[in-house]
1. Residues in the range B:40-52: is at least one more than 11 Å from chain A (Cβ to nearest Cβ) and part of a strand (DSSP E or B)?
2. Being within 13 Å of the chain's Cα centre (by Cα) and touching a residue at least 24 places away in the same chain (Cβ under 8 Å) is the filter here; which residues of the range B:39-60 pass it?
3. Taking the range B:14-31, which residues are at pLDDT 95 or above, part of a strand (DSSP E or B) and either in contact with a Ser or Thr (Cβ under 8 Å, 6 or more places away or on another chain) or not hydrophobic (A, V, I, L, M, F, W, C) (or both)?
4. Condition first: open to solvent by 70 Å² or more (accessible area, probe 1.4 Å), β-branched (Val, Ile, Thr) and closer than 27 Å to B:Val95 by Cα. Now tell me which residues in the range B:6-28 satisfy that.
5. Run B:Gln48 past the list (1) surrounded by 14 or more Cβ atoms within 10 Å (Cβ to Cβ); (2) at pLDDT 95 or above and report the number of the one that doesn't hold.
6. Take the residues of the range B:17-32 that are within 13 Å of chain A (Cβ to nearest Cβ) and aliphatic (A, V, I, L, M): which is nearest to B:Thr111 (Cα to Cα)?
7. Could you give me the residue pairs with C-beta distances under 8 Å whose first residue belongs to the range A:42-57 and is under 15 Å from A:Phe90 (Cβ atoms) and within 9 Å of another protein chain (Cβ to nearest Cβ), whose second residue is among the polar types (S, T, N, Q) and surrounded by 15 or more Cβ atoms within 10 Å (Cβ to Cβ) wherever it lies, and which are 6+ apart or on separate chains?
8. Looking at the range A:63-72, which of its residues are of a type in the set (Gly, Ala, Ser) and either open to solvent by less than 40 Å² (accessible area, probe 1.4 Å) or in contact (Cβ under 8 Å) with a residue 40 or more places away in the chain (or both)?
Amino acid sequence: AQSVTQLGSHVSVSEGALVLLRCNYSSSVPPYLFWYVQYPNQGLQLLLKYTTGATLVKGINGFEAEFKKSETSFHLTKPSAHMSDAAEYFCAVTFGYNQGGKLIFGQGTELSVKP
Amino acid sequence: DAGVTQSPTHLIKTRGQHVTLRCSPISGHKSVSWYQQVLGQGPQFIFQYYEKEERGRGNFPDRFSARQFPNYSSELNVNALLLGDSALYLCASSVGQGPYEQYFGPGTRLTVT
């Protein structure tokens, strides 16, 4: 079955520290991968996506992620955390071009940033 | 440019009632997807509509139904509400059926008492 797993429901970092949020997927077909951020009482905003091509993807607000097929992973990183990065982060995947509207989300990782 | 809009923002219903949630996609977007987000969990896919036809359905009971209108706006209907239907209902639009960026609305918070 196709699924997405986010390791760690809560991650806490200090301001200026590296942010690493982990995402692994399970699929027998090539995935399309996404990271979304959700601030309290708001909808989801796309940070970045991987569809084809370069496996290192850069997104908004200094985030990036690398698609590693051999590890079935798509971890999200940011070199230096900012207080404004505190939010809920969701990894999502879709399989097959015609399944593009059906995103499968992970359980989410809440990121806290300490001053 | 206006983003995805949803109405109402909040509503409270009683068990057994019916509810209709509405979504207006970004202008030019022909695909609308609906998701249910229970507190503390990731969104779960309910439906996708593209060009006014259902193109995908998630693992939800038949009490859930949807439709898309000629102007590409969409409605999500839920009959015979249960306490477990309490959630944030998110609508997302995209330009097409493929793996394009989905733009999410702010959601409708449904509370069933």
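1. The first filter runs over the range B:40-52 and keeps only residues more than 11 Å from chain A (Cβ to nearest Cβ), leaving B:51-52.
Next, only the ones that are part of a strand (DSSP E or B) stay: none.
Checking the range B:40-52: not a single residue is more than 11 Å from chain A (Cβ to nearest Cβ) and part of a strand (DSSP E or B).
2. Once the filter is applied, which keeps residues that are within 13 Å of the chain's Cα centre (by Cα) and touching a residue at least 24 places away in the same chain (Cβ under 8 Å), the range B:39-60 yields B:Pro43, B:Ile46, B:Phe47, B:Gln48, B:Tyr49, B:Phe60.
3. Across the range B:14-31, the qualifying residues are B:Thr20, B:Leu21, B:Arg22, B:Cys23, B:Ser24.
4. Restricting attention to the range B:6-28, the residues satisfying the condition of being open to solvent by 70 Å² or more (accessible area, probe 1.4 Å) are B:9-10, B:12, B:14-15, B:17-18, B:22, B:27.
Okay, now just the ones that are also β-branched (Val, Ile, Thr), so B:9, B:12, B:14.
Residue satisfying the conditions is B:Thr9 alone.
5. (2)
6. Just the residues of the range B:17-32 that are within 13 Å of chain A (Cβ to nearest Cβ), to begin with: B:23, B:25-26, B:29-32.
Those still in the list that are aliphatic (A, V, I, L, M) too: B:26, B:32.
On the way: B:Ile26: 27, B:Val32: 23 Å.
Only one residue fits best here, namely B:Val32.
7. Close Cβ pairs (under 8 Å, with a partner that is among the polar types (S, T, N, Q) and surrounded by 15 or more Cβ atoms within 10 Å (Cβ to Cβ)) amount to A:Leu44/A:Gln38; A:Gln45/A:Gln38; A:Leu46/B:Gln102.
8. Within the range A:63-72, the subset of a type in the set (Gly, Ala, Ser) is A:65, A:70.
Correct list: A:Ala65 only.
The values are calculated or read from the model by the stated rules, or taken from the named source; none is laboratory data. Because the structure is predicted, anything quoted here is derived from the model rather than measured. Positions of Cβ are backbone-derived with ideal geometry, glycine not excepted, and every protein chain shown enters the neighbour counts. Just so you know, the surface numbers come from the protein's heavy atoms only, side chains and all, with ligands and any DNA or RNA stripped out. Shrake-Rupley method; radii C 1.70, N 1.55, O 1.52, S 1.80 Å.
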